[in-house]
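*Asks:* I have a structure here, written as structure tokens, and I will follow up with some questions on it.
The values are calculated or read from the model by the stated rules, or taken from the named source; none is laboratory data. Because the structure is a prediction, the values reported are computed rather than measured. Using ideal geometry, Cβ is built from the backbone for each residue, glycine included, and neighbour counts are taken over all protein chains shown. Calculation scope for accessible area: heavy atoms of the full protein, side chains included, ligands and nucleic acids excluded. Shrake-Rupley method; radii C 1.70, N 1.55, O 1.52, S 1.80 Å.
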Amino acid sequence: MKNFATKASEKLNWIVERFVALLMLLLVLDVWLGVMDRYIFHWQLPWPEVLARYLMIWAALLAISAGIARREHIGLSILLDRVPKFLRRTCLFSVDIFTFCLFAFLCWYGIDFANGGSSRQAMIFDMTLAMPFAAIPVSAAIAALQVLFVAFRDQGQVMTHTNDEVMQ
Amino acid sequence: GPKVLKFGHDNKMDPFENPAHACTAVFANIVEADTNGSIEVEVYPSNQLGSAKEHVQLVRDNVIQATLTSTGAISSYYPRIDVLNLAFAFDHNAATYDVFDGPFGAALSKDIEETVSGVKVLGFPDTGGFFAVTNSKHAIKNLEDFKGIRVRTMTLPSHQKIIQSLGGEAYPLAWGEVYSGLQTGVIDGQMNPVPTISFAKFAEVQKYMTLTNHLFAPYTFMVSKAFWDDLTADEQRVLNYAANSCVVASRGLSRVIEASDRGLAGLKDKIEVTALSAESRDQFKAAAQPVVLKHIEETLGAEGVALLGIFQKELGNANTRSYLK
Amino acid sequence: MIVGIAFVVLVLIGMPIGFALGLAGVLGLIDMGGGSFLALAPSRMFNGLNIFPFLAMPFFILAGEIMNHTGITHRLVSLAQTLVGHFRGGLAHTNMLASVFFAGLTGAATADAAAFGKTLVPAMVKRGYSRDYACAVTAAGSIIGPTIPPSGLMVVYGSLMGVSIGGLFAAGILPGLLICFVCMVVIAIGVKANNLPEADKRASFREFLTIFKSSILALFMPVIILGGILGGIVTPTEAASIAVAYALFIGVFVYRSISVPDFIGMLIRTARITGVIFVIIAFAAILGWWLSFNRIPQELAQAIVSISDNKYIIIALIIGMLLAVGMVMDITAILILLAPVLVPLTEQVGLNPIHAGIIFVLALNISLMTPPVGACLFVLSSVTGEKLEKIAAKLWPFLIAEVAILFIFAFWEDLALALPRMLGFA
Ligand code: NA
Ligand code: NA
């Protein structure tokens with residue numbers, strides 16, 4: 001169980017992180033293009049500003065699951081440092097389960113939200129808002145999956161992953 | 001207990017400051033008084049419950065019961081609102097009253113109700129009047145002056161096309177960056193209704209303003225269909241005439257603001273104001289209208305063209321009609 | 001009420017602050033009757049993030065990542081050391097001054113805390129400083145980063161409240177420098193009490209010049225950013241993308257130390273850090289909606305006004321509230337939840353928007369290092385392994401000094417607006 005969870009978490013996160021890197025790269029290029037358009041090309045492109053917002057939201061929301069995989073979302077340990085080990089493990093494991101519930105909930109309602117977006121216009125590329133809105137259910141689903149993996153990987157024994165590079 | 005009507009909008013709370021809050025204040029007063037308190041109106045100004053676009057969804061879901069939504073905010077739900085972006089459509093303010101209170105307003109509200117399910121349209125209040133163009137380069141008096149001026153527009157193809165058809169360059173920029181963009185010269189100019197130009201303090205960072213009057217974009221006053229259907233016939237009648245008064249109040253206050261220090265009168269000291277001559281206006285209209293008409297035909301299909309037909313017919317009547325005749 | 005209790009309990013059993021905010025918000029929506037209210041959650045999250053100026057955050061983080069990779073942090077520390085290393089407690093002073101240099105590269109305090117916690121704290125311990133003291137100095141200095149531009153928090157504040165971000169950037173420079181100065185005074189006063197090591201040998205002018213030359217390109221970054229804005233080339237948000245371009249240029253062509261895999265790693269780390277911040281913003285947007293719908297902010301504002309209508313008392317109350325809430329809540333969440341209530345109060349008493357903005361930003365930055373919830377303390381504690389409460393125990397003299405600076409800037413408008421006025425923002 002633990003081994004499977006560890007492997008699954010790693011695999012999922014490897015894919016998510018590469019995809020997120022690609023989105024970030026597109027985001028940087030998109031904003032540069034917007035600036036250059038005003039001074040060099042004069043194409044008066046309507047989409048760089050809008051696209052930048054959507055890319056940013058997709059990248060940041062997908063990255064939530066990466067933060068979960070590496071336990072970068074920091075919580076307070078003041079109380080947990082003072083309770084018996086068993087209780088601490090129980091608390092941390094339940095926190096993971098609560099977190100799973102939160103993201104599962106967001107995924108469920110996020111699907112409706114994205115569906116609602118399909119009847120609304122995004123004003124760029126002739127597309128509907130389904131694509132941008134889908135960032136919520138997709139990233140929530142991945143986060144829910146990831147938190148389940150790390151819950152069984154760490155089994156209440158890890159709170160925050162101490163990794164200074166990560167904090168940078 | 002009383003039925004609660006939660007009314008959200010995106011303007012500030014002072015009823016003497018902007019048409020939106022004035023409109024809600026007038027509406028709330030009449031509704032509460034005339035229903036003898038069977039309906040209570042709670043107003044949430046300043047986007048407290050989310051963006052203008054979210055307000056529309058909240059009304060559809062009956063989480064809130066009413067909102068005033070701008071043409072920009074409703075466009076993702078109802079793309080045919082783009083018909084209103086026919087540039088230089090109205091000759092004067094009074095024509096806007098006629099058009100939105102008449103057959104076109106009725107057709108538009110029906111079309112909105114059918115397209116955006118879950119809402120009932122009660123009217124089209126004024127947002128503060130016609131659009132003007134400001135810039136920092138030189139006074140714009142004719143088409144030649146527009147050449148090469150970089151104007152900020154909303155991310156709205158029709159708005160970009162209008163500026164481009166006049167010879168300017170159009171760049172969408174987030175609203176929050178317009179002031180500093182104008183200040184530093186990232187862009188040369190922008191277009192908005194006069195009261196917006198005033199409260200956004202654009203006169204501090206712009207030298208010239210031309211009263212192009214090229215666009216008029218009213219609010220759409222919508223209530224939740226579920227809420228509406230739940231009202232008694234009497235209550236519906238009260239809401240209807242209260243909305244009518246709200247629209248009238250928004251128009252009155254818009255004209256008053258324009259004439260006050262918060263409008264044109266106040267701007268005149270800070271920025272060089274130019275009104276278009278009749279010839280220039282004809283030139284502008286001739287340059288812009290065909291481009292927008294083509295854009296509407298290409299993007300909005302037969303239904304859009306039909307709505308446009310009603311719009312143009314009513315415009316013809318309203319622009320030529322003279323007061324009390 | 002139930003929402004507040006749920007939040008506190010969740011945080012106490014170790015739930016990350018961001019997730020606890022989200023769950024509390026969702027519980028609030030359930031408490032209101034579920035149904036359409038629940039459907040609001042995803043919409044609020046999306047719209048809470050759908051704000052163009054927020055882009056500045058990932059970009060400033062990315063620029064900092066790139067700069068850091070070039071080894072510039074070490075150069076900046078060396079530069080500070082040649083300037084103040086020869087005082088008693090030289091490394092503590094160095095830490096402070098290096099924070100000022102580093103501030104131009106970073107938009108977040110946690111970046112400073114992590115970088116210095118990793119490098120300077122061990123160096124200080126080796127030199128004979130106690131670890132808790134070294135951490136306290138680093139924490140105190142870390143808030144200079146988001147005070148001197150660029151600053152992610154200023155971008156969020158400016159875009160949410162409609163205040164000139166360039167103006168806020170300009171207003172941050174002076175308090176940032178003054179915080180460094182008073183903290184160095186605190187270090188000097190505490191030399192004996194903390195038994196700080198004796199002075200090092202003073203660096204020669206030649207040594208200084210060598211190091212200065214090798215770090216000048218990094219010191220130039222804030223000039224590029226402000227210059228890009230003031231020169232009309234980019235908007236304040238786009239300026240962050242210029243910072244990325246500049247950092248990349250230096251990293252690739254000058255220091256030649258960035259490979260493609262390096263860059264991919266930086267993009268991933270940037271996204272992860274952004275994700276940690278953005279999830280808090282998105283979830284705070286749910287909770288904030290619940291508060292607004294129940295008219296809690298208005299009641300709070302009325303409570304403040306009912307105490308007094310004196311301008312200075314209201315400012316002091318606002319600062320007190322920000323610092324108090326800052327002890328138990330993440331600062332971005334505070335900004336989203338409280339600023340819409342408190343900022344109109346500052347308008348009522350006639351405060352200049354940039355002045356009000358800098359008061360908010362300073363108070364929230366200070367909250368980054370107040371226990372128990374303080375992002376900089378979290379980072380330092382996890383990077384160095386020092387206990388949070390031991391760091392906090394050594395921190396209070398610095399805290400008092402920084403709060404004093406905050407009050408000076410809050411009450412002295414001419415000082416707070418001196419630079420923004422000079423640069424034409426106010
Ligand atoms: Na900074
Ligand atoms: Na704190």
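*Asks:* Can you report the number of residues in region B:274-294 which are in a helix (DSSP H, G or I) and over 20 Å from the mean Cα position of the chain (by Cα)? Write out each step before concluding.
*Replies:* As a first pass, look at region B:274-294 and keep what is in a helix (DSSP H, G or I): B:278-294.
Adding the requirement that they be over 20 Å from the mean Cα position of the chain (by Cα) leaves B:278-284, B:286-287, B:290-291, B:294.
Result for region B:274-294: 12.
*Asks:* Any chance region A:46-66 includes a residue that's of a type in the set (Lys, Arg) and more than 10 Å from chain C (Cβ to nearest Cβ)? Quick ask: steps written out before the conclusion?
*Replies:* Quick first cut of region A:46-66, residues of a type in the set (Lys, Arg) only: A:53.
Imposing the further condition that a residue be more than 10 Å from chain C (Cβ to nearest Cβ) reduces the set to none.
Looking for residues that are of a type in the set (Lys, Arg) and more than 10 Å from chain C (Cβ to nearest Cβ), one finds none in region A:46-66, hence no.
*Asks:* Looking only at residues in region C:83-101 that are open to solvent by 10 Å² or more (accessible area, probe 1.4 Å) and within 11 Å of ligand 1 (Cβ to nearest atom), which one is nearest to the chain's Cα centre (by Cα)?
*Replies:* C:Val100
*Asks:* Of the conditions (1) over 28 Å from B:Arg237 (Cβ atoms); (2) without any contact (Cβ under 8 Å) to a residue 12 or more places away in the chain, B:Leu143 fails just one. Which one is it?
*Replies:* (2)
*Asks:* When you look at C:Ala271, is it within 16 Å of ligand 1 (Cβ to nearest atom) and over 30 Å from B:Lys6 (Cβ atoms), yes or no?
*Replies:* Values: within 16 Å of ligand 1 (Cβ to nearest atom): no; over 30 Å from B:Lys6 (Cβ atoms): yes.
No: the conditions fail for C:Ala271.
*Asks:* Next up: Would you please name the residue that is most open to solvent (accessible area, probe 1.4 Å), looking only at residues in region A:24-65 that are without any contact (Cβ under 8 Å) to a residue 12 or more places away in the chain and not in a helix (DSSP H, G or I)?
*Replies:* Residue satisfying both the conditions and the ranking: A:Trp43.
*Asks:* Here's something else I'd like to know. Can you confirm whether region B:103-116 contains a residue that is small (Gly, Ala, Ser), touching a residue at least 60 places away in the same chain (Cβ under 8 Å) and farther than 19 Å from B:Ala217 by Cβ?
*Replies:* no
*Asks:* Here is a follow-up. Please go through region A:51-86 and pick out each residue that is more than 22 Å from C:Val328 (Cβ to Cβ) and more than 21 Å from the chain's Cα centre (by Cα).
*Replies:* Passing the criteria: A:Pro84, A:Lys85, A:Phe86.
*Asks:* Away from chain A (no Cβ under 14 Å), open to solvent by less than 40 Å² (accessible area, probe 1.4 Å) and in contact with a strand residue (DSSP E or B) (Cβ under 9 Å, 6 or more places away or on another chain): which single residue out of C:Ser308, C:Ser292 fits that description?
*Replies:* Working: C:Ser308 fails: in contact with a strand residue (DSSP E or B) (Cβ under 9 Å, 6 or more places away or on another chain).
Criteria check complete, one pass: C:Ser292.
*Asks:* Another question, if that's okay. Out of the residues in region B:181-193 that are open to solvent by 10 Å² or more (accessible area, probe 1.4 Å) and part of a helix (DSSP H, G or I), which is nearest to the other protein chains (Cβ to nearest Cβ)?
*Replies:* B:Thr184
*Asks:* Quick one: which residue in B:Ala139, B:Ala203 is assigned to a loop (DSSP other than H, G, I, E, B) and surrounded by fewer than 20 Cβ atoms within 10 Å (Cβ to Cβ)? Break it down into steps so the answer makes sense when it comes.
*Replies:* Values: B:Ala203 fails: assigned to a loop (DSSP other than H, G, I, E, B).
Answer to the check: B:Ala139.
*Asks:* May I pose another question? Report whether or not B:Phe221 is under 18 Å from B:Lys110 (Cα atoms) and not in a helix (DSSP H, G or I). Before you say what the answer is, go through the steps one by one.
*Replies:* Numbers: under 18 Å from B:Lys110 (Cα atoms): yes; not in a helix (DSSP H, G or I): yes.
Judged against the criteria, B:Phe221 is a match.
*Asks:* Right, another one. Among the listed residues C:Leu423, C:Leu337, C:Leu406, identify the single one that is over 30 Å from C:Asn294 (Cβ atoms), touching a residue at least 24 places away in the same chain (Cβ under 8 Å) and within 14 Å of another protein chain (Cβ to nearest Cβ). Break it down stepwise before answering.
*Replies:* On the way: C:Leu337 fails: over 30 Å from C:Asn294 (Cβ atoms); C:Leu406 fails: within 14 Å of another protein chain (Cβ to nearest Cβ).
Exactly one residue qualifies, and that residue is C:Leu423.
*Asks:* Next up: Pick out the one residue from B:Val121, B:Val99, B:Val133 that is in contact with a helix residue (DSSP H, G or I) (Cβ under 7 Å, 6 or more places away or on another chain), open to solvent by less than 30 Å² (accessible area, probe 1.4 Å) and over 21 Å from B:Lys225 (Cα atoms). Full working, then the answer.
*Replies:* Values: B:Val121 fails: over 21 Å from B:Lys225 (Cα atoms); B:Val133 fails: in contact with a helix residue (DSSP H, G or I) (Cβ under 7 Å, 6 or more places away or on another chain).
Every option except B:Val99 fails the conditions.
*Asks:* Another question, then. Output yes when any residue across region C:322-331 is within 16 Å of ligand 1 (Cβ to nearest atom), touching a residue at least 24 places away in the same chain (Cβ under 8 Å) and within 26 Å of C:Ile277 (Cβ to Cβ), and no when none is.
*Replies:* yes
*Asks:* How many residues, within region B:6-20, are surrounded by fewer than 23 Cβ atoms within 10 Å (Cβ to Cβ) and not in a loop (DSSP other than H, G, I, E, B)?
*Replies:* 1
*Asks:* Kindly indicate which of C:Ser259, C:Ser241 is within 14 Å of chain B (Cβ to nearest Cβ) and either modelled with pLDDT of 85 or more or touching a Cys at 6+ places or on another chain (Cβ under 7 Å) (or both).
*Replies:* Working: C:Ser259 fails: within 14 Å of chain B (Cβ to nearest Cβ).
Result of the check over C:Ser259, C:Ser241: C:Ser241.
*Asks:* Something else now. For C:Ile313, work out the one condition from (1) surrounded by fewer than 17 Cβ atoms within 10 Å (Cβ to Cβ); (2) touching a His at 6+ places or on another chain (Cβ under 9 Å) it doesn't fulfil.
*Replies:* The number of the failed condition is (2).
*Asks:* Go through region B:21-42 and give me each residue that's over 25 Å from B:Ile257 (Cα atoms) and open to solvent by 60 Å² or more (accessible area, probe 1.4 Å).
*Replies:* B:Glu32, B:Ala33, B:Asp34, B:Asn36, B:Glu40 - these are the residues of region B:21-42 that are over 25 Å from B:Ile257 (Cα atoms) and open to solvent by 60 Å² or more (accessible area, probe 1.4 Å).
*Asks:* Could we say that A:Phe4 is in contact with a Leu (Cβ under 8 Å, 6 or more places away or on another chain), more than 9 Å from chain C (Cβ to nearest Cβ) and open to solvent by 80 Å² or more (accessible area, probe 1.4 Å) here?
*Replies:* No, not satisfied.
*Asks:* Just the residues that are surrounded by 20 or more Cβ atoms within 10 Å (Cβ to Cβ), out of contact with any Gly (no Cβ under 7 Å at 6 or more places or on another chain) and within 8 Å of chain C (Cβ to nearest Cβ), please, taken from region A:95-104.
*Replies:* Result: A:Thr99, single match.
Here is a yes/no grid of residues against (1) within 16 Å of ligand 2 (Cβ to nearest atom); (2) small (Gly, Ala, Ser); (3) not in a loop (DSSP other than H, G, I, E, B):
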{"residue": "C:Ala111", "(1), (2), (3)": "no, yes, yes"}
{"residue": "C:Gly117", "(1), (2), (3)": "no, yes, yes"}
{"residue": "C:Ala136", "(1), (2), (3)": "yes, yes, yes"}
{"residue": "C:Ala140", "(1), (2), (3)": "yes, yes, yes"}
{"residue": "C:Thr147", "(1), (2), (3)": "yes, no, no"}
{"residue": "C:Tyr157", "(1), (2), (3)": "no, no, yes"}
{"residue": "C:Ala170", "(1), (2), (3)": "no, yes, yes"}
{"residue": "C:Ile173", "(1), (2), (3)": "no, no, yes"}
{"residue": "C:Gly176", "(1), (2), (3)": "no, yes, yes"}
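*Asks:* Also, I was wondering about something else. Taking region C:153-173, which residues are within 14 Å of ligand 1 (Cβ to nearest atom) and open to solvent by 10 Å² or more (accessible area, probe 1.4 Å)?
*Replies:* Across region C:153-173, the qualifying residues are C:Leu153, C:Ile165, C:Ile173.
*Asks:* Next up: Which condition number in (1) more than 13 Å from ligand 1 (Cβ to nearest atom); (2) under 28 Å from C:Leu55 (Cα atoms); (3) modelled with pLDDT under 90; (4) not β-branched (Val, Ile, Thr) is the one that C:Leu120 fails?
*Replies:* Going through the list (1) more than 13 Å from ligand 1 (Cβ to nearest atom); (2) under 28 Å from C:Leu55 (Cα atoms); (3) modelled with pLDDT under 90; (4) not β-branched (Val, Ile, Thr), C:Leu120 breaks only (2).
*Asks:* Restricting to region C:367-408, name every residue that is among the acidic types (Asp, Glu) and within 16 Å of ligand 2 (Cβ to nearest atom). So that I can check it myself, show each step before the final result.
*Replies:* From region C:367-408, those among the acidic types (Asp, Glu) are C:386, C:389, C:402; that's our starting set.
Hits for region C:367-408 are C:Glu389, C:Glu402.
*Asks:* Then there's this: Answer yes if at least one residue in region C:277-286 is closer than 30 Å to B:Phe7 by Cα, crowded, with 23+ Cβ neighbours inside 10 Å and more than 21 Å from the chain's Cα centre (by Cα), and no otherwise.
*Replies:* Scanning region C:277-286 turns up at least one residue that is closer than 30 Å to B:Phe7 by Cα, crowded, with 23+ Cβ neighbours inside 10 Å and more than 21 Å from the chain's Cα centre (by Cα).
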